[in-house]
1. Considering only the range 168-223, state which residues are among the basic types (Lys, Arg) and closer than 28 Å to residue 127 by Cα.
2. Could you list all residues from the range 72-101 that are in contact with an Asp or Glu (Cβ under 8 Å, 6 or more places away or on another chain) and either open to solvent by less than 30 Å² (accessible area, probe 1.4 Å) or over 17 Å from residue 13 (Cβ atoms) (or both)?
3. Residue 157 - would you say it is open to solvent by 30 Å² or more (accessible area, probe 1.4 Å) and either out of contact with any Cys (no Cβ under 8 Å at 6 or more places or on another chain) or over 30 Å from residue 280 (Cα atoms) (or both)?
4. Quick one: what pairs do we get from the range 101-129, first residue of a type outside the set (A, V, I, L, M), second assigned to a helix (DSSP H, G or I) and open to solvent by 10 Å² or more (accessible area, probe 1.4 Å), C-beta under 6 Å, 6+ apart or different chains?
5. Return yes or no: is residue 143 surrounded by 14 or more Cβ atoms within 10 Å (Cβ to Cβ), on the phi > 0 side of the Ramachandran plot and not in a helix (DSSP H, G or I)?
6. Across the range 247-257, which residue is nearest to the chain's Cα centre (by Cα) among those that are open to solvent by less than 30 Å² (accessible area, probe 1.4 Å) and not β-branched (Val, Ile, Thr)?
7. Of the conditions (1) under 25 Å from residue 77 (Cα atoms); (2) part of a loop (DSSP other than H, G, I, E, B); (3) without any contact (Cβ under 8 Å) to a residue 60 or more places away in the chain, residue 267 fails just one. Which one is it?
8. Could you tell me which residue of the range 106-137 is farthest from residue 161 (Cα to Cα), considering only residues that are open to solvent by less than 10 Å² (accessible area, probe 1.4 Å) and among the hydroxyl-bearing types (Ser, Thr, Tyr)?
Amino acid sequence: MGRLVAQYGAHRAVEAIRTRTLPPEFVSREAERDRSPDHLTSRLNTWYARLASANPAADIEAGERSGARLIIPGSPEWPTQLDQLGLSRPLALWAHGTADLRFSCLQSVAVVGARAATSYGSHIAAEFGVGLSESGWTVVSGGAFGVDGAAHKGALAAGSPTVVVLACGVDICYPTGHDTLFAAVREQGVVISECPPGVHPTRARFLIRNRLIAALSMGTVVVEAALRSGALNTATHALSLNRHLGAVPGPITSGMSAGCHRLLRERKAVCITSPEEMIDLVGVMGDDLATQSRAPAVPRDKLNEPTKRVLDAIPARGGAGPASIAVAAGLGLDTTLSALGGLAAAGYIERTENGWRLRKQTTTYRKASDSAALDPPPTPQPDPADSPPPPDDFPPPEYDHPIS
């Protein structure tokens, strides 16, 4: 059908189906594709039966009554990225909602996953919905239970439009439990379908619908998916369109994450753990970079390397003399004595009858900011004969972070 419409236009295609006569040159070209005349005749009879039961005028009237509108290629609201589907491009789309479909999909991400999502999957999908929307990205999904619904709800909570792509007419609520969700989407976003009003969903229509989800968005992220999953079908369409594909890892014991793990293992998808990372994947190079995660800072991070080595060589119990500490740290005695003095002044260590040991911390407070970490200032190398100052001469300050 796609080839017939592309070569002869929609009007001539309808006329050929109505008269049950395909253009001879079209039949010849199809024969080169190993389409036998019997196969073409069977397809033509199927199209004829569907055309006989169609009522375009009634469809337009039903759509207007429900508040829906019909969008065709060339319309101002038509998303031009759908043209990349080639011969599989939809002939038209029904849209019901306040948002402009083309404008909403200019910067969009598809969030897909399992219908029988775990609490983990639903939580992550909602977080992605909120995070993407707050950053100005539209969430596109299928409106199903589980991951789809959670992503849409997250987007609505952030006050941004979201796009629901249905496998039925826009006047049909499927699943029926999402009637309130779809009503909210129509007020804030848009519900679309290539099926006329009144058409109910079938398994085949869900699989066909998935290509639209992948094509409308700049990238797709799979939150949860079993090894047999409609979400993986959407991922396949995204890969065929050369769109970015991400997958959220989950517990290796969860069957609902097995599909995501396969995508990652086969290197078909990028590991995504936050909305920021997904925006980094699909966004403008250099402008939408995700922040680099860093380990929490502790005061000892700002110690210079010789001082860290001396601190690591000091026992937590008992005590050790400067010479033993110098040998354990692999440093000279002069450097070790200098570091011991600084560590004692900063409150890291204390002097006992048996030598130096780590200072005991009896109370844990909130972690101090990075500025509270003391970097012992460089001190002149002391004379080896001089002993480090005792703690009484250098009262240690109070630190908010325990010594680790």
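The values are calculated or read from the model by the stated rules, or taken from the named source; none is laboratory data. Worth saying up front: this structure is predicted, and the values here are computed from it rather than measured. Note that we place each Cβ from the backbone using ideal geometry, even for glycine, and neighbour counts take in every protein chain shown. The area values use the complete protein model at the heavy-atom level, side chains included, leaving out ligands, DNA and RNA. Shrake-Rupley method; radii C 1.70, N 1.55, O 1.52, S 1.80 Å.
1. Residues of the range 168-223 among the basic types (Lys, Arg): 186, 203, 205, 209, 211.
186, 209, 211, listed by residue number.
2. Residues of the range 72-101 that are in contact with an Asp or Glu (Cβ under 8 Å, 6 or more places away or on another chain), as a first pass: 73, 77, 89-98, 100-101.
Across the range 72-101, the qualifying residues are 77, 90, 92, 93, 94, 95, 96, 97, 98, 100, 101.
3. On the way: open to solvent by 30 Å² or more (accessible area, probe 1.4 Å): yes; either out of contact with any Cys (no Cβ under 8 Å at 6 or more places or on another chain) or over 30 Å from residue 280 (Cα atoms) (or both): yes.
So residue 157 passes the test.
4. Here the result reads 118/256; 122/150; 128/275, each pair linking the range 101-129 to a residue that is assigned to a helix (DSSP H, G or I) and open to solvent by 10 Å² or more (accessible area, probe 1.4 Å).
5. yes
6. So, considering only residues that are open to solvent by less than 30 Å² (accessible area, probe 1.4 Å) and not β-branched (Val, Ile, Thr), the one nearest to the chain's Cα centre (by Cα) is 247.
7. Of everything listed in (1) under 25 Å from residue 77 (Cα atoms); (2) part of a loop (DSSP other than H, G, I, E, B); (3) without any contact (Cβ under 8 Å) to a residue 60 or more places away in the chain, residue 267 misses just condition (1).
8. 108
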